[in-house]
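J.: Sharing a structure here in structure tokens format.
Where a number appears in this text, it was derived from the coordinates with a stated rule and is not lab data. Note that the structure is a prediction, hence the values are computed from the model and not measured. In this analysis, Cβ positions are derived from the backbone assuming ideal geometry, glycine residues included, and neighbour counts consider all displayed protein chains.
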Amino acid sequence: MKIKVYGSLGRTRSEEEDEDVDVGWAWIVLFASFMTNVIILGANFAFSVFYAEWTEYFDKGPTATSLLISMSCALVLAAGAPASILANRFGARTVIMVGGVISAAGFAASAFVTSFELLFVSYGLLTGLGNGLAFVPSFGVLPLYFRKRRNFATAIVTAGSGLGMILYSMLFEYLISTYSWRGAMLITSGIVLNVVPCGAVIFKRECRSGTAGFSQYAEFSLFKEFSFYVSMAHFFFLGSQFIYVVFCLRYAVDTLHISRASGAFVVSSMGATNVIGRILVALLSINPKFATANVRFFLLHFSSLCVAVTLSCYPLCQTFTMACLVSALIGLSWGVRFSLTPGLQMDISDPKRFNAAWGYLTLVTGISFFIFPPLAGKISKSTGDSASAFYFAGVMSFMAFLLCPLLHFLWWSKQSEPLDLEESKFLLEPSSRNSYNHTGNHGKTALYSP
């Protein structure tokens, strides 16, 4: 029997896949994925700073302006499904680099637009699409480089968006006041180009047969599982939290009568605690006592409930200090919850299908990002009370919380299922035995996966 070899050293596929797993170049890839999230998600989630600028400059009203911001952020996530399929076909490296170039072009073009409609094309479409192409593959490559420290790696990467939110909120405020919003967009274009070298350091690709068709790249088998539909519903309601990102600054300025600089600090306080929450999960994943899947699911339950409660409490704030405190609690619970979801989703759908699964789930979240903020704006307008938008966000987030125990049960029920033929073959592969010791049944949930 012939053994297919890879590279000049004649390595087998197992040896090729084991190279730089949890060591060496894997940490370079982790840093690149982290920085991609800092640049991509940080810029998008901090764009509420531009909300007041665009509302005043183009005179289109709060609903149209929130729709523009929602469209861009929604596309970041909605592009997840095609991005994951393209990454499975052409490799994450190519897709991330192309995404960085498209995003930078969108920001640069936005600096020169002369109408609100053109801004929809440049910022809403181009920037959102480019950021989306880069975002999902930056997560999808992690199972290729991490096994024993998989949950630690995903938690660290998710911390990038929180850090980016802190940095961009302050940076955008400074750039707008110094160079106007047009100058801020042009400078941001240069920053986003740094996504290209981040993608360039990724070399590994998922091994697939030469006859693999579209259905295999797209992993349509996910849609045969009830648990995946529950995950999709869960991620849809998770998108309601973006209502807070769009409206929190405007509410603080108009209702609490604080300066826009102080309002930006309210947003930054959420970003700071968001990072703390994600780092906390990363640290817990190192300890075997706290890194079990059961513990991570219970943390997901608690943090999801906290998000719903704190979102509803934000309009009750009467002072700047209280707004910062509640915003910080929102960021902390949000950070803990979001840093848990990638690792738990790997457990539910299995690491080999994670890239496609994460793409579909971010697509669902992107749809909710596009729907919820404008809907919250209409509710606020019809009731004549801007606080109603945050109450609506709290109710939708509570729906997400209600689905957490069901996901936990579906995961638990899989643990008693016998191995199928493919899983048995997986265990016979030398390169997979070490992974099995830490991840349990292939396609089943890890009991301990730091």
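J.: Compute the Rg/Rh shape ratio of region 134-217: radius of gyration over Kirkwood radius, all on alpha-carbon atoms.
T.: Here the Rg-to-Rh quotient is 1.12.
J.: Would you mind putting 332-345, 20-33 in packing order, based on average other-beta-carbon counts within 10 Å, highest first?
T.: For the peptides 332-345, 20-33, the packing ranking is 332-345, 20-33.
J.: What list of ³J(HN,Hα) values in whole Hz, one per residue of region 187-192 in order, does the Karplus curve 6.51 cos²θ - 1.76 cosθ + 1.60 (θ = phi - 60°) give from phi, with Gly and Pro shown as x?
T.: Each residue's phi maps through the Karplus curve to give 5, 4, 4, x, 5, 5 Hz.
J.: To the nearest 500 deg cm²/dmol, what mean residue ellipticity at 222 nm is calculated for the chain from DSSP H runs of n ≥ 4 alone, each contributing -39,500 (n - 2.57), summed and divided by the residues? Mind showing how you got there, number by number?
T.: Numbers: 21 runs with 338 residues, N = 450.
When only DSSP H runs of four or more count, the value is -25000 deg cm²/dmol.
J.: Using 5 Å bins from zero, what percent of all Cα-Cα pairs in region 22-130 falls into each bin?
T.: 2, 11, 19, 23, 17, 11, 8, 5, 2, 1, 0
J.: Within region 250-329, which trypsin sites (Lys or Arg not before Pro) sit in a loop by DSSP and count at most 10 neighbouring Cβ atoms inside 10 Å?
T.: Those that pass, being in a loop and sparsely packed, are K289.
J.: What are the extents of the Cα atoms of region 73-216 along their three principal axes, in Å, largest first?
T.: So the extents along the principal axes, rounded to whole Å, are 51, 31, 23.
J.: Now, a different point. Looking at A155, F172, V121, which one has the Cα that reaches farthest to the positive end of the dipole of region 114-241 (charges on Cβ: Lys, Arg +1; Asp, Glu -1)?
T.: The Cα lying farthest towards the positive end belongs to A155.
J.: Compute, for region 127-213, the length of the dipole vector about the Cα centre, with Cβ point charges of +1 (Lys, Arg) and -1 (Asp, Glu) only. Units Debye, rounded to 20. Mind showing how you got there, number by number?
T.: Working: 8 positive and 2 negative charges, 108 e Å.
Charge dipole of region 127-213: 520 debye, to the nearest 20.
J.: While we're here: With Rg and the Kirkwood Rh both taken from Cα atoms, where does Rg over Rh land for region 138-282?
T.: Dividing the radius of gyration by the Kirkwood radius yields 1.06.
J.: What's the angle, to the nearest 10 degrees (0 to 90), between helix 25-45's Cα axis and the longest principal axis of the chain?
T.: The angle comes out near 30 degrees.
J.: Using only the alpha-carbon atoms, how far is helix 320-349 inclined from the longest principal axis of the chain? Give it as 0 to 90 degrees, nearest 10.
T.: Roughly 20 degrees between the two axes.
J.: Give me D for region 258-408 in µm² s⁻¹, whole number, from Stokes-Einstein with Rh from the Kirkwood sum over alpha-carbon pairs, 10 °C and 1.306 mPa s.
T.: 95 µm²/s
J.: Turning to a different aspect of this structure: Pop out the ³J(HN,Hα) list for region 350-359 in order, Karplus 6.51 cos²θ - 1.76 cosθ + 1.60 with θ = phi - 60°, rounded to Hz; leave Gly and Pro as x.
T.: 5, x, 5, 9, 5, 4, 5, 4, 5, x
J.: Provide the packing ranking of 98-104, 192-198, i.e. peptides ordered by the mean count of other C-beta atoms within 10 Å per residue, highest first.
T.: Values: 98-104: 23.9, 192-198: 20.1.
Result, highest mean first: 98-104, 192-198.
J.: Over the Cα atoms of region 89-164, what is the Rg over Rh ratio if Rh follows Kirkwood?
T.: Radius of gyration relative to Kirkwood radius: 1.11.
J.: What translational D, rounded to a whole number of µm²/s, comes out for the chain from Stokes-Einstein when the hydrodynamic radius is the Kirkwood one over Cα pairs, at 4 °C and 1.567 mPa s?
T.: D, rounded to a whole number, is 59 µm²/s.
J.: Another question, then. As I understand it, the dipole of region 168-325 uses +1 on the Cβ of Lys and Arg and -1 on the Cβ of Asp and Glu, about the Cα centre. Which of T255, V281, T319 lies farthest toward its positive end?
T.: The residue sitting farthest along the positive end of the dipole is V281.
J.: Output the Kirkwood hydrodynamic radius of region 221-329, Cα pairs only, in Å rounded to one decimal.
T.: 15.9 Å
J.: Normalised by the number of residues in the chain, what is the relative contact order in percent for Cα pairs under 8 Å and 6+ residues apart?
T.: 24 percent
J.: When the Cα centres of region 22-101 and region 243-264 are compared, how far apart do they sit, in Å?
T.: Cα centroid of region 22-101 versus Cα centroid of region 243-264: 23 Å apart.
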